[in-house]
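The values are calculated or read from the model by the stated rules, or taken from the named source; none is laboratory data. Model, not experiment: these values are computed from the prediction. A quick note on method: Cβ atoms are made from the backbone with ideal geometry, for glycine too, and the neighbour counts reach across all protein chains shown. When the accessible area is computed, the model is the full protein with side chains, heavy atoms only, and any ligands, DNA or RNA have been set aside. Shrake-Rupley method; radii C 1.70, N 1.55, O 1.52, S 1.80 Å.
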Amino acid sequence: MKASPYAFIAPFFIIFGAFSLVPLLYTAWYSLHNVQLSSLDTQTWAGLDNYKNLLSSDFFWNALKNTFTIGLISTVPQLMAAIGLAHLLNYRLRGSTVWRVVMLTPYATSVAAATLVFTLLYSWDGGMINWLLHFVGIDPINWRESDWGSQFAVSSIVIWRWTGYNALIYLAAMQAIPTDLYESAAIDGANRWEQFRHVTIPQLRPTILFTVVVSTIGATQLFGEPLLFGGVSGSKGGSEHQYQTLGLYMYDQGWIIGNLGKASAIAWSMFLILMIIAVINLLFTRRLRKSQ
Amino acid sequence: MTTSDLTLPQARPKKTRSRRVMGAGKQLHAGPVTYIVLGIFALVSLAPLVWTAIAASRTDRRLAQTPPPLWFGGNLFKNMQAAWDQAGLGTAMLNSVIVAGTITVSTVVFSTLAGFAFAKLRFKFSGVLLLLTIGTMMIPPQLAVVPLYLWMSNLGWSNQLQTVILPTLVTAFGTFFMRQYLVQALPSELIEAARVDGASSLRVVWHVVFPAARPAMAVLGLLTFVFAWNDFLWPIIALTQQNPTVQVALNSLGTGYVPDQAVIMAGALLGTLPLLIAFLLFGKQIVGGIMAGAIKG
């Protein structure tokens, strides 16, 4: 019986070790080598060349900037809409389960399927969105070529797929808020909006932090949406690389251009960025706890 | 943890509510405005899917014209047939069923075992190991794909399904999910009693843990299947159009493998259909699972 706990957790740690931890270290090793897709067997030491190469590359900084911008315009509106939606779902509703399932259906759609559909909806000629915009007097927008247009389009796919999911997470947290908090707020004369601001939002704070972290991790590795939005030359992220994210840049360098050493360096840069975010988040959470 | 527990706060009898409590958001009846706004959210959620079906029933030429079609045409089955044959969606669906099915069974079993150990057994370093498990969820898949690709090439495994099955046989999310459930749902006395009766570890797992974990295992199975069916980055690196999963086939469609937009939409529809059916049948359980994971997470 003594050994069994370790036997039970062994499968997870073996799989994690073999397919995540060891590869993670190997990726670091390869990032210090010159590894080409065309000749996988010859790997020569390159020192920090791949990283120097990245830091002096406009495309890397561009991808970093795009990842940040798209991450921001996809996460912030998404989470705000999700809180609002959760608030509505928290009312006594007829068919409350049906509403929840409906809001979650975009989550059933894969990145690939959703992006194929949205790409057609956003097409310049005969696209649904430009057609709808013309009713309010807006000229057709070239969603694929324009800078902000393409970044907005890519973000909207993320927002569409994840808003309902996050709303359910907020809804679960809202239902766990003790009713007497609202009662005493009501006694103090707080109206519904004030109750939402001064009871619901503060009570949701840990959940909001959790969703921000998860969304940030997701945004840092954003890949499929911009790839397929770009169509045939998707790995470039548009003719001017206007929506090439870090994830896409890595794929382009590694498997289209064939420089796996550089791709490894990009992967580790992503990891470092995430660790920096994690540390900031940790400090932020500590301050939050102290202030409470 | 189960859906019924979660809806409990809403199901309280009306009589207990004083007028003041009416101010509490969770107990208010929804007014017409709420229904209208929810209706708009629902429309935005569903419209792209409905429109996918409309576009899939039209022709490529019609889709390039303004105004875009707003109702169904007569080419749905022709386009689906084309997607099935030209884009290899037939093979892709079969492959995805094999891949997602294997990953689901394995993840559920191994996550339950590990989750049980973390929830109910005392062993050295269990706290640290659990933290480590949670921490691994932060690692992006990008950190693993270069070495995995190299090893796979060395093994001559290109285009074989085990390359996309093996790395996700058990997940940190699943382990944590089952741990959170079993902490509450499995009484420790039950395990003690079974041990006193001289049951071996495996017998305890089979006769005590699995029965207690069954509801959460079902939910984890659904969530894992959705995740595995939709997984994208590693499959498109490891597999090609010669032996695709659904997402690999859709990726080929998106990058010009078949230029007909109506066929592409038919492919997107076909590739999503199994999950839409699953949502139709088990939507309530999936919603419950996501909300349950959220409370404890």
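Out of curiosity, is A:Ala63 free of Cβ contacts under 8 Å to residues at least 40 places away in the same chain, assigned to a helix (DSSP H, G or I) and buried (at least 18 other Cβ atoms within 10 Å of the Cβ)? Here the answer is no, as A:Ala63 does not meet what is asked.
Annotation note: of A:Tyr26, A:Tyr91, the sole residue that is over 30 Å from B:Thr112 (Cβ atoms), at pLDDT below 95 and buried (at least 18 other Cβ atoms within 10 Å of the Cβ) is A:Tyr91.
When A:Ala190, A:Ala219, A:Ala278 are checked against the criterion of being within 30 Å of A:His87 (Cβ to Cβ), out of contact with any strand residue (DSSP E or B) (no Cβ under 9 Å at 6 or more places or on another chain) and outside any helix (DSSP H, G or I), a single residue qualifies: A:Ala190.
The residue list A:Ala153, A:Ala112 contains one member that is at the interface with chain B (Cβ under 7 Å from one of its Cβ atoms), open to solvent by less than 30 Å² (accessible area, probe 1.4 Å) and in contact with a Phe, Trp or Tyr (Cβ under 9 Å, 6 or more places away or on another chain), which is A:Ala112. Quick check on my filter: what residues within the range A:133-142 are more than 9 Å from chain B (Cβ to nearest Cβ) and closer than 22 Å to B:Ile54 by Cα? The answer is A:Leu133, A:Phe135.
Please determine whether any residue of the range A:161-169 is away from every other protein chain (no Cβ under 11 Å), within 24 Å of the chain's Cα centre (by Cα), part of a helix (DSSP H, G or I) and at negative phi. Taking every residue of the range A:161-169 in turn, at least one turns out to be away from every other protein chain (no Cβ under 11 Å), within 24 Å of the chain's Cα centre (by Cα), part of a helix (DSSP H, G or I) and at negative phi. With a requirement of 1 or more residues that are surrounded by fewer than 17 Cβ atoms within 10 Å (Cβ to Cβ), the helices (runs of 4 or more DSSP H) lying completely within the range B:178-297 that satisfy it span B:188-196, B:201-204, B:210-230, B:261-296. Sub-9 Å Cβ pairs linking a first residue in the range B:77-97 that is closer than 15 Å to B:Pro235 by Cβ to a second residue that is in a helix (DSSP H, G or I) and among the acidic types (Asp, Glu), at least 6 apart or interchain, number zero.
Out of B:Leu280, B:Leu273, B:Leu220, report the one residue that is more than 9 Å from chain A (Cβ to nearest Cβ) and farther than 20 Å from A:Leu228 by Cβ. If you could, list the steps in order and put the result at the bottom.
Details: B:Leu280 fails: more than 9 Å from chain A (Cβ to nearest Cβ); B:Leu273 fails: farther than 20 Å from A:Leu228 by Cβ.
Selected residue: B:Leu220, the only one of B:Leu280, B:Leu273, B:Leu220 that is more than 9 Å from chain A (Cβ to nearest Cβ) and farther than 20 Å from A:Leu228 by Cβ.
The residue list A:Trp148, A:Trp124 contains one member that is touching a residue at least 12 places away in the same chain (Cβ under 8 Å), more than 7 Å from chain B (Cβ to nearest Cβ) and not acidic (Asp, Glu), which is A:Trp124.
Take B:Val205 and tell me if it is among the hydrophobic types (A, V, I, L, M, F, W, C), under 24 Å from B:Thr168 (Cβ atoms) and under 17 Å from the mean Cα position of the chain (by Cα). So B:Val205 fails the test. Can we say A:Ser264 is crowded, with 22+ Cβ neighbours inside 10 Å, in contact with a helix residue (DSSP H, G or I) (Cβ under 6 Å, 6 or more places away or on another chain), part of a helix (DSSP H, G or I) and within 11 Å of chain B (Cβ to nearest Cβ)? Criteria met by A:Ser264.
Does at least one position in the range B:139-148 carry a residue that is part of a loop (DSSP other than H, G, I, E, B) and open to solvent by 10 Å² or more (accessible area, probe 1.4 Å)? Checking the range B:139-148: at least one residue is part of a loop (DSSP other than H, G, I, E, B) and open to solvent by 10 Å² or more (accessible area, probe 1.4 Å).
Of all the criteria given as (1) over 16 Å from A:Ala263 (Cβ atoms); (2) outside any strand (DSSP E or B); (3) touching a helix residue (DSSP H, G or I) at 6+ places or on another chain (Cβ under 9 Å); (4) not aromatic (Phe, Trp, Tyr), the one not satisfied by A:Asp41 is (2).
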